[in-house]
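Written below as structure tokens is the structure these notes are about.
Derivation of every value follows stated rules applied to the coordinates shown; laboratory data play no part. Everything numeric in this text was worked out from a predicted model, so none of it was measured. Please note: Cβ atoms are built from the backbone with ideal geometry, for glycine as well, and neighbour counts cover all protein chains shown.
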């Protein structure tokens, strides 16, 4: 029978193993590539090829989430279905242009996104001042989470993208604290906007056009999430002597956005009439 004491001992054993493995991988180098990153890359490559071959030979097909991506591949849209966000489908579309519409392509896209998440975690730990061994242990520790070790590799699409770009946003935040330059602020705004595009289940209920209008709504808000921090950072960089430069720049951006919305509303009324 599994008791609380045995569970704690097991958790400590796994933690000690990851720390030990992380130290070894952190010290290893494969040319210019960090050992831990190379290890994760090889694992993801193995999974990509193995799962694609098993699906082909055994005839297991694809999951519901992957099948949904195959349905959406022919067209680029701002929103898919009744409430699906666009970013992962855009990545699948790009993958299809390179690798063709195959099961292998679906696996390549998923594991590249997961690789981004793993590298972002390692980069964040390094930016916070910890050793390569600690960064490797943190990256390997992701695979103690069942949703990552099993569920994200077995199924799921939009959640994978949301997880990866959330990890990238934390990396961007660490860069902001560390460097405080225009590039780090822009990177933070970009990562935040990508999260919004990755997994926001929302659609405006306006009849048959609900998907289109929901996608437009998400697109405009995602654009604002990116442009806001980027504009404020640019203003503070260009006018460091003015403490309120960021406030004035973002206020001006909001006024322009409001004017654009009013213009779109007036144009739509003209089309209806």
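A few points about this structure:
- At an R0 of 35 angstrom, the distance between the Cβ atoms of residue 255 and residue 97 translates into a FRET efficiency of 0.35.
- Across the alpha-carbon set of segment 12-179, the Rg to Rh ratio works out to 1.00, Rh being the Kirkwood radius.
- In terms of surrounding Cβ atoms within a 10 Å radius of their Cβ, 145, 40 rank from fewest to most as 145, 40.
- For segment 128-190, the alpha carbon convex hull comes to 80 Å³ per residue, rounded to a whole number.
- Model label sites at residue 14 and residue 49, defined 7 Å from Cα along the beta-carbon direction, differ in position by 2.9 nm.
- Potential lengthening between residue 33 and residue 262 on full extension [0.36 nm per residue; Cα-Cα distance subtracted]: 77.3 nm
- Additional length obtainable on full extension of the chain from residue 24 to residue 42, 0.36 nm per residue less Cα span: 4.8 nm
- Using 0.36 nm per residue and subtracting the Cα-Cα separation, the extra length available between residue 243 and residue 112 on full extension is 43.1 nm.
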